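The values are calculated or read from the model by the stated rules, or taken from the named source; none is laboratory data. Here the structure is a predicted model, which is why all the values come from computation and not from measurement. Don't worry about glycine lacking a Cβ; one is built from the backbone with ideal geometry, like all the others, and counts go over all protein chains shown.
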Amino acid sequence: MYELNPSQEAQHTAVRAASEFSDYLKGLARARRAAPGEDLISALAQIEELTEDELVGTCVLLLNAGHEATVNVTGNGWWSLFRNPSELVRLREDLSLLPTAVEELMRYDTPLQMFERWVLEDIEVGGVSIPKGVEIALLFGSANRDPEVFDRPDTLDVGRADNPHISFGAGIHFCLGAPLARIELVESFGALLRRAPDIALVEEPEWNPGYIIRGLRSLDVSCG
Ligand code: HEM
């Protein structure tokens, strides 16, 4: 969905999966409308103004937007810590650094490298004229290492206090789930640091292919 120039086969598989998933959600919504539970789909199914398509779209957005980026911050973040062992020790010895560490891991290796925008009026950015109607790419990964904004941008500093990274985007489309993602990440990094004090890398990971979504295929670790 996000990557540049997906193959025909990938497009067909995606369309088929989307339509199957949409049917699954419609069935689930009908079942929850008939017998509501405590869950989000039951709550959405009770809203009369929401059409079936809007309900499906909302669920897909929340699931896709809410899952993969958080997974990839977790994988990329642990890989960053293993590559910077003194920062891993520093964090392990002072878990009060978790909130700044999570922001720093998101800055250092963001899971979403690029988003696109359509230009609605002629603008000039940094001396470059950009005409109305073109599509532009915003490189979040690059902005997060901007030496004019960040002191020692290529250094991982789990205690970095001033960290205006843009891994959650900016402006009107700023990530809806940012507060939830921050809680999830502080909790999951904290739980692993506490419960697996000897966690160590088994082998260097491979990256998933992809230009926009940056994440590992897997990260093999041992726990002592
Ligand atoms: C660390 C994890 C996450 C990262 C890095 C992330 C990143 C982003 C980014 C960069 C955008 C802006 C996209 C754009 O400008 O076009 C965005 C939007 C969004 N995110 Fe997240 N996100 C994360 C977690 C979540 C979670 C947990 C949820 C929901 C449960 C979520 C829901 C959304 C939604 C609904 C939008 C669209 C907002 C809009 O267009 O108005 N995200 N996210």
Test for L81: is it at pLDDT 95 or above, among the hydrophobic types (A, V, I, L, M, F, W, C) and in contact with an Asp or Glu (Cβ under 7 Å, 6 or more places away or on another chain): yes
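Of everything in the range 169-191 that's part of a loop (DSSP other than H, G, I, E, B) and without any contact (Cβ under 8 Å) to a residue 40 or more places away in the chain, which residue is surrounded by the most Cβ atoms within 10 Å (Cβ to Cβ)? Steps first, answer last, please.
Applying the first criterion (part of a loop (DSSP other than H, G, I, E, B)) to the range 169-191 yields 169-170, 174-177.
Narrowing the set further to residues that are without any contact (Cβ under 8 Å) to a residue 40 or more places away in the chain leaves 170, 174.
Details: A170: 13, F174: 10.
If we take residues in the range 169-191 being part of a loop (DSSP other than H, G, I, E, B) and without any contact (Cβ under 8 Å) to a residue 40 or more places away in the chain, then A170 is surrounded by the most Cβ atoms within 10 Å (Cβ to Cβ).
Across the range 206-224, which residue is farthest from L138 (Cα to Cα) among those that are over 19 Å from the mean Cα position of the chain (by Cα) and in a loop (DSSP other than H, G, I, E, B)? Quick ask: steps written out before the conclusion?
Within the range 206-224, the subset over 19 Å from the mean Cα position of the chain (by Cα) is 220-224.
Restricting the remaining residues to those that are in a loop (DSSP other than H, G, I, E, B) gives 220, 223-224.
Numbers: D220: 32, C223: 39, G224: 42 Å.
So the residue we want is G224.
Residue-wise test of (1) more than 19 Å from R214 (Cα to Cα); (2) more than 16 Å from the ligand (Cβ to nearest atom); (3) outside any helix (DSSP H, G or I); (4) not polar (S, T, N, Q).
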position	(1), (2), (3), (4)
R90	yes, yes, no, yes
S129	yes, yes, yes, no
P147	yes, yes, yes, yes
D157	yes, yes, yes, yes
Of all residues making up the range 186-224, the number that are hydrophobic (A, V, I, L, M, F, W, C) and over 19 Å from R83 (Cα atoms): 4
Count of the range 91-122 residues which are touching a residue at least 60 places away in the same chain (Cβ under 8 Å), of a type outside the set (A, V, I, L, M, F, W, C) and surrounded by fewer than 16 Cβ atoms within 10 Å (Cβ to Cβ): 2
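For the range 132-156, how many residues meet the condition of being touching a residue at least 60 places away in the same chain (Cβ under 8 Å) and over 20 Å from the mean Cα position of the chain (by Cα)?
Of the residues in the range 132-156, the ones touching a residue at least 60 places away in the same chain (Cβ under 8 Å) are 141, 156.
Going one step further and asking which of them are over 20 Å from the mean Cα position of the chain (by Cα), we end up with none.
Residues that pass the stated criteria total 0.
Would you confirm, using the coordinates I've provided, whether S19 is loosely packed, with under 12 Cβ neighbours inside 10 Å, farther than 24 Å from A170 by Cβ, of a type in the set (S, T, Y) and without any contact (Cβ under 8 Å) to a residue 24 or more places away in the chain? So that I can check it myself, show each step before the final result.
Numbers: loosely packed, with under 12 Cβ neighbours inside 10 Å: yes; farther than 24 Å from A170 by Cβ: yes; of a type in the set (S, T, Y): yes; without any contact (Cβ under 8 Å) to a residue 24 or more places away in the chain: yes.
The answer is yes for S19.
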Pick from the range 104-128, criterion closer than 15 Å to W79 by Cα and of a type outside the set (S, T, N, Q), ranking: nearest to the chain's Cα centre (by Cα): P111
Residue that is surrounded by the fewest Cβ atoms within 10 Å (Cβ to Cβ), among those in the range 22-52 that are part of a helix (DSSP H, G or I) and among the hydroxyl-bearing types (S, T, Y): Y24
Residue in the range 143-157 that is surrounded by 15 or more Cβ atoms within 10 Å (Cβ to Cβ) and under 20 Å from E68 (Cα atoms) present: yes
